[in-house]
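One structure below.
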């Protein structure tokens, strides 16, 4: 599909060739498609906290871009928004699902996998209201940022970020944290409480 055909869907009015505006358009379009993809993967209604947990945790968008994109998708009918008990809930509409089918290929497979895994953990975690996040990303050559988090009802009980020099080390730390997060949390609390 030609990129210009996305302008109507995503509500971009200004059309230009190349340069800054086109780059921003592609990023904006991709962000909206990723949000539709995540909500479709959740296969249920999701709070704004769940949506932000996915994209902030994976460092794909900042908080303000997430809210801006959610608002735009709601205003165009691709998402439903319901508010109750001081909680805002989003759900993908049929129009959103059809649009996702058309633009699904814009999301790289690696990002799809990360979003799917995160959405799955959040869906499973919502049953218990607790979940663990152990993720890493390369931020420079041989520099990996690790994020270790324990959440309860969308509240960060524990959140640690650290840098390591090897991908294998980052993976090992994430796996160990996922398996032993309770012991690690208990140890840190006891150590800091001395």
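Some values worked out for this structure:
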quantity: Over the stretch 129-194, volume per residue of the alpha carbon convex hull, in Å³; calculated: 85 Å³
quantity: Spacing of the two label points (7 Å from each Cα toward its C-beta) at residue 163 and residue 104, in nm; calculated: 3.9 nm
quantity: Neighbour-count ranking [beta-carbon atoms within 10 angstrom, fewest first] of 164, 132; calculated: 164, 132
quantity: Percentage relative contact order, the stretch 129-194, counting C-alpha pairs under 8 Å, at least six apart; calculated: 29 percent
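Read the figures in this text as sums done on the coordinates, not as results from a lab. Since we're looking at a predicted model, the values are computed, not measured. No Cβ is skipped: glycine too gets one built from the backbone with ideal geometry, and neighbour counts run over all protein chains shown.
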